[in-house]
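Here the structure comes first, spelled out in C-alpha cells, and everything after it is commentary.
The values are calculated or read from the model by the stated rules, or taken from the named source; none is laboratory data. As the structure is a prediction and not an experimental result, all values here were calculated from the model. All Cβ positions, even for glycine, are placed from backbone atoms using ideal geometry, and neighbour counts span all protein chains on display.
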Amino acid sequence: MAYFKLALIALSALVMTSPAYSQMEPLLMEGKQALYQRVLSKPGARIFDQPQLGNGAPATPFSAYYVYARETKDGSSWVQLGMNRYGEIVGWMPEIDSIPWNQGLTVAFRDPLGADRVLLFRDKTGLKQLVEQGNQEQYRRLYQAAEAGELADDAPVIAIQPRTHVDILKDFYLVPIRDHEDIYLGSEQARMLQVSSVPLLPLIQKKQPPEPEDPQPEKKPVKPFRSAVVFVIDSTLSMDPYIDRTREAVRKIYDTITKEQLTGDVSFGLIAFRDNPDVAPGLEYLTRTYVDLAQGQGAESFFQHVSTLKAATVSSRDFIEDSYAGVNEAIAGINWEGQDARYVVLITDAGPREAGNPLSGTGMSSAALRRLAQDKGIALSVLHLLTPSVMADHVNAEETYRDLSYYPGIGSFYFGVETGNIERFGRVLDALAQQITEQVKLAAVAAAGKTIAEARQTKEAEAMVAEESSDQLAQFQAKVAKLGYALRMRYLQQGDKKQIPNVFNAWLVDRDISDPQRQTLDVRVLLTRDQLSDLHSILRQVLVTAEEGLLSPRTFLNDLKSLAATIARDPDQLGTTTRVTGARAGNLADMGFMREYIEDLPYTGEVMNLSLDNWQDWPARNQVTFINRLEEKINYYEVLHDHTDLWVSLDGGPITGDSVFPIALEMLP
C-alpha cells in the first residue's frame, strides 16, 4: 500500500507540473525564490468569484490557500486564492478574513493553574522593553489590570490567556506564529512571538439559529465528576502476590466508594500483559483486558471478571516484558469517554521492550507512548517493583519509566518499590487509590457548593509542600494531589469556560515573565490526516532506501532535512521534495532552497540541527539510536492516524482525510 501511494504521489507531481497547470503561479514570499504566499481562512470567511461581487460561498475554517494576486477595491484589500500551486483558482477573499500562513507552526497554551497566565501585548516594542528592563513591578501592575479586566485603552497589554485551561484537543483553536525574535528572559533564552489567535467552535456555533430564551430557565444538574483508573499489570511468573495485593486495594476502594455514595463515579479497569507468545508459547497472550470501565463501575462485576487472572506458569524469554503493549492497550482499547480524570497505573518488575526491540508489540518508545497518552488526557503512573535478580536492569528501566510517566508541569509519576516489598507496594497502591477517590468526593462536595471543599483544598495545597520532602511516598502523593487539583478545577470551572481571545498581531513571550524557567506554550504543527499519512509513507521510504544503501549519508540527511523543512513550511509539497518520492530535482538541498525554507523558522526539530560532520563522527551505536527514534515516530504516526476521536473536522462534518490535528513538534522529524 505504501509503494502504491508513493507511486500516486510521483504521478501527481508529474501531472501537476505539466504546462496545462503551469500558466499561473502563486505570489512568492518576499525575498524567497521557492516559497509561495499562503493564507488560512478565518472562521466565517467567504469566497467570491470577484471582489465584492455577490454573497460568496462559505470557506471551511482554517483551510490553507495559495495567494495568486492582490487587489484593492473601494479601500478594501482582497486576495485571489488557489487550492494548490498549479493554477487551480477558487476565487477571491477579503484579506481581513484571512491569516498569513507562511509556516505551519502554531502554539498551544499550557495549563496556567498555579502560575501566571500569558499576557498578549499590542506590539513588540512594549513587550521587549518590559523583558529587557526586567521590571517586575511594572509587569505585576499590567498583569493585575489584565486579570481584573481594567486595562487602559493605551495599555501595552491587549489580552490575557483565559483563567480556565482551554484544551486545544477538546476546544480547537489556532495560534499561528507570524514573526519572532530571540531574547533573554533573565538567564533563560526565550522567544518573542507575533501571533494571531482564533477560536473555532464559538464562531461555528454562531451560524446556528439561537434557541428561544426560557423565561424561567431550569437549572441543569451538574454532571458528576468521574474518575477512572486502569491497572496494567505484569502477569508473568512470580507476579501472583502483586496481583492479589492489587485486588485487595481495589476492594478497599469499592468499600469506601459505597460508603461515600460515589458508586459509578469511580471506575476501575484491569489489563494484564506478558510478552510475545510467539517466542514463549506457554505465555498464552501478549495483552488481555479482564475488566473494562463499564464492567468496573461496581465491585461485583469487577471481581467476577478478574477472578481468573493468574500469573503465567512459564518463564518469558528474558527479564524484559512488553509492558508498552499493555499501556497501549489501556490507551487505545479502553473507552474513556465521560471520564474527567483518567489514570493508567503500570505495575511491573521488568523493563520494557523499547521501539527498536524486534519483539516489541507496539514499535513505540516511551516518548511516543507518553505523547499518545497526553493526547487522550491520560496520566501514566509506574509502580516499578525492584525485585532482586541478576538478570534485571532496573537502572535503565527506571530511566525509561520516569520518561514514560512524566506529566507536564508536575513531574514524573514513577515509584520504585525497593526489593519489590509487598507491604511497601501495598501502601503505595492504597495511597494512590485513596487519593483518586478523595478527589472525586471533593469535586462532588464543591459542585454542591459546600464550603468544606475550600478548606480541604487549602489543606491539600499546603500538603503539596510535601513534594520537597525526601520521602518518596510523600513526593509521589504530592504530585497526585497536584494533578487531581488541576483536574477538579477544570471540572468545577466548566460552566465558566472561556475561549482563547480572538486577537491579531499580538506579541507574547514563550516563557513565564515572573518565572523564566517555566515554558508557557507548546509548539505544534497543524497537519491533515492525509498529510500525516503521506509523511508516514515518505519517511518510511527514506529509511528503507537508506538501509538498502541506495542513499549516501549526505543524501540521506538532506532528504530528512528536506522532509522536516517541508512539514514546517508547506506540507502540501511533501511528495515533491525528496528523492524517494520521485522529485525530479532531488531534495531541497539539491535544489538550493534548503536555507530559505529553514532560516525564518522560530523552532526546529532534531533533524534540522544535524550536520554531515555530526553524523560521520557518531559511532555506529549513536547512528542506530537516531534511526530507531525515526522508526518510533513512524509508528506513532500510524497509531495517531487511527485514533479518529483525536482529529478535528473543521467544517463540523465526519472525520476525513482533510480533518486536522495539532501534532507536537517533538514528534516530527
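Residue by residue, here is whether (1) part of a helix (DSSP H, G or I); (2) touching a Lys or Arg at 6+ places or on another chain (Cβ under 7 Å); (3) surrounded by 18 or more Cβ atoms within 10 Å (Cβ to Cβ) holds:
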| position | (1), (2), (3) |
| --- | --- |
| 96 | yes, no, no |
| 102 | no, yes, yes |
| 108 | no, yes, yes |
| 114 | no, no, no |
| 125 | yes, no, no |
| 128 | yes, no, no |
| 131 | yes, no, yes |
Selected residue (criterion: surrounded by the most Cβ atoms within 10 Å (Cβ to Cβ)) from residues of segment 545-576 that are modelled with pLDDT under 85 and of a type outside the set (A, V, I, L, M): 575
Unique match (being under 30 Å from residue 359 (Cα atoms) and touching a helix residue (DSSP H, G or I) at 6+ places or on another chain (Cβ under 7 Å)) among 268, 225: 268
Test set (1) of a type outside the set (D, E, K, R); (2) farther than 30 Å from residue 443 by Cβ; (3) touching a residue at least 24 places away in the same chain (Cβ under 8 Å); (4) not assigned by TED's automatic domain parsing to the domain that holds residue 135 - residue 480 fails condition number: (2)
All positions within segment 20-60 that are assigned to a loop (DSSP other than H, G, I, E, B), over 24 Å from residue 567 (Cβ atoms) and charged (D, E, K, R): 49
Unique match (being aliphatic (A, V, I, L, M), under 20 Å from residue 171 (Cα atoms) and in the same structural domain as residue 533 (by TED's automatic domain parsing)) among 655, 627, 634: 655
Residue pairs meeting the criteria (Cβ under 7 Å; at least 6 apart or on separate chains; first farther than 11 Å from residue 433 by Cα and at pLDDT below 90, in segment 248-260; second assigned to a helix (DSSP H, G or I) and not hydroxyl-bearing (Ser, Thr, Tyr)): 260/441
Every residue from segment 519-533 that is surrounded by fewer than 22 Cβ atoms within 10 Å (Cβ to Cβ) and over 18 Å from residue 103 (Cβ atoms): 519, 529, 530, 533
Subset of segment 487-544 (residues that are among the hydrophobic types (A, V, I, L, M, F, W, C), modelled with pLDDT of 85 or more and not in a helix (DSSP H, G or I)): 506, 507, 508, 509, 513, 521, 523, 525, 526, 527
Options 350, 341; residue that is under 30 Å from residue 441 (Cα atoms), surrounded by 24 or more Cβ atoms within 10 Å (Cβ to Cβ) and out of contact with any His (no Cβ under 8 Å at 6 or more places or on another chain): 341
Failed item, numbered, when residue 304 is tested on (1) in a helix (DSSP H, G or I); (2) in contact with a helix residue (DSSP H, G or I) (Cβ under 8 Å, 6 or more places away or on another chain); (3) over 28 Å from residue 481 (Cα atoms): (2)
Residue in segment 189-198 that is out of contact with any His (no Cβ under 6 Å at 6 or more places or on another chain), closer than 30 Å to residue 506 by Cα, at pLDDT 90 or above and surrounded by fewer than 19 Cβ atoms within 10 Å (Cβ to Cβ) present: yes
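Yes/no per residue for (1) touching a Leu at 6+ places or on another chain (Cβ under 6 Å); (2) of a type in the set (Asp, Glu):
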site	(1), (2)
512	no, yes
517	no, no
527	no, no
534	yes, yes
554	yes, no
573	no, no
589	no, no
613	no, yes
Inter-residue pairs, beta-carbon under 9 Å, first over 19 Å from residue 526 (Cβ atoms) and in segment 75-104, second of a type in the set (Asp, Glu) and in a strand (DSSP E or B), 6+ apart: 77/71; 78/71; 79/71; 80/71; 92/71
Residue list for segment 372-396, filter: under 23 Å from residue 666 (Cβ atoms) and crowded, with 19+ Cβ neighbours inside 10 Å: 372, 373, 375, 378, 379, 380, 381, 382
Subset of segment 637-659 (residues that are within 13 Å of the chain's Cα centre (by Cα), closer than 14 Å to residue 531 by Cα and not in a loop (DSSP other than H, G, I, E, B)): 637, 640
Top-ranked residue of segment 617-655 - restricted to ones that are of a type in the set (Ser, Thr, Tyr) and within 17 Å of residue 536 (Cα to Cα), ranked as modelled with the lowest pLDDT: 644
Hey, residue 562 closer than 23 Å to residue 609 by Cβ and in a helix (DSSP H, G or I) or not: yes
Qualifying residue in segment 63-75 (condition: touching a Lys or Arg at 6+ places or on another chain (Cβ under 6 Å), buried (at least 22 other Cβ atoms within 10 Å of the Cβ) and at pLDDT 90 or above): yes
Looking only at segment 611-657, and only at residues there that are farther than 15 Å from residue 556 by Cβ and charged (D, E, K, R), the one that is surrounded by the most Cβ atoms within 10 Å (Cβ to Cβ): 633
Test: residue in segment 549-559 that is part of a strand (DSSP E or B), hydrophobic (A, V, I, L, M, F, W, C) and out of contact with any Ser or Thr (no Cβ under 6 Å at 6 or more places or on another chain): no
Residues of segment 582-592 classified as crowded, with 23+ Cβ neighbours inside 10 Å and in a helix (DSSP H, G or I), total: 1
